[in-house]
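Below is one structure; the comments refer to it alone.
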Amino acid sequence: MAKLYFRYGPMGSGKSAQLLIVAYNYREIGRRPYIIKPAADTRSKLVGSRVEFLSREADLVATPDLDLFTAIQTAHLSGEPIACVLVDEAQFVTRQQVNDLFLVSVELDIPVIGYGLRTDYQAELFPGSARWLALAQLEELKMVCRCNRKATLTGRKRADGQFIKSDPSENDQVFMGGNESYEALCPIHYLEWVGDGRFRRK
Ligand SMILES: [Zn+2]
């Protein structure tokens, strides 16, 4: 039986690169991958990665209200059968869309792999990621902090390179940017540079 997988890791852990390699490998054996990208990531239809020669357009750019089960079922039945569904920026699909993808894995028997962030720069789950964590098989993609410890969190930087401080009043999860605005951090440096405002008792 096909499964739903969530491969999560902080910024810079190679999520999009791994997605593109999996897509490439499917095409190499003559099978059809189907790449989905949430519309919340407005940069473009392109699924890019820091590995420059790796990039490819998504098959589907999904707006939040799109029924992914119906969209995938239609694509699966109308053309070459889909061998695997790959979701870039998986934290930005909605909770309902993760439900749709769960049904795709069970009822259409197509494996679905989401690549995304577990938490935002304030160390809070994205709503989509919470649903992935509840329904999917979990696989962690590793990244290290500047200090070489394992990075488990992501900080967000301003243009001047300073980290934006953790602040419970901030709520801007859909801000997107490249590696110039996000950095994977270990817990020690997260508390030091982003701050402990979300962790301390008031
Ligand atoms: Zn560190």
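The values are calculated or read from the model by the stated rules, or taken from the named source; none is laboratory data. Owing to the predicted nature of the structure, the values given are computational and were not obtained by experimental measurement. For neighbour counting, all protein chains shown are included, and Cβ atoms are generated from backbone atoms with ideal geometry for every residue, glycine included.
Can you name the condition, by its number, that residue 197 falls short on among (1) away from the ligand (no atom under 16 Å from the Cβ); (2) at pLDDT 90 or above; (3) of a type in the set (Gly, Ala, Ser)?
(2)
Out of everything in region 71-86 that is in contact (Cβ under 8 Å) with a residue 12 or more places away in the chain and over 19 Å from the mean Cα position of the chain (by Cα), what residue ends up being surrounded by the most Cβ atoms within 10 Å (Cβ to Cβ)? Break it down stepwise before answering.
Restricting attention to region 71-86, the residues satisfying the condition of being in contact (Cβ under 8 Å) with a residue 12 or more places away in the chain are 72-73, 75-76, 79-86.
Imposing the further condition that a residue be over 19 Å from the mean Cα position of the chain (by Cα) reduces the set to 73, 75-76, 79-83.
Values: 73: 18, 75: 17, 76: 18, 79: 10, 80: 11, 81: 12, 82: 22, 83: 18.
Step by step, filter region 71-86, then rank; the result is 82.
Considering only region 157-185, how many residues are under 16 Å from the mean Cα position of the chain (by Cα) and modelled with pLDDT of 85 or more?
Residues that pass the stated criteria total 3.
Name every residue in region 87-103 that is farther than 24 Å from residue 152 by Cα and either surrounded by 24 or more Cβ atoms within 10 Å (Cβ to Cβ) or touching a residue at least 40 places away in the same chain (Cβ under 8 Å) (or both), in order of residue number.
97, 101, 102
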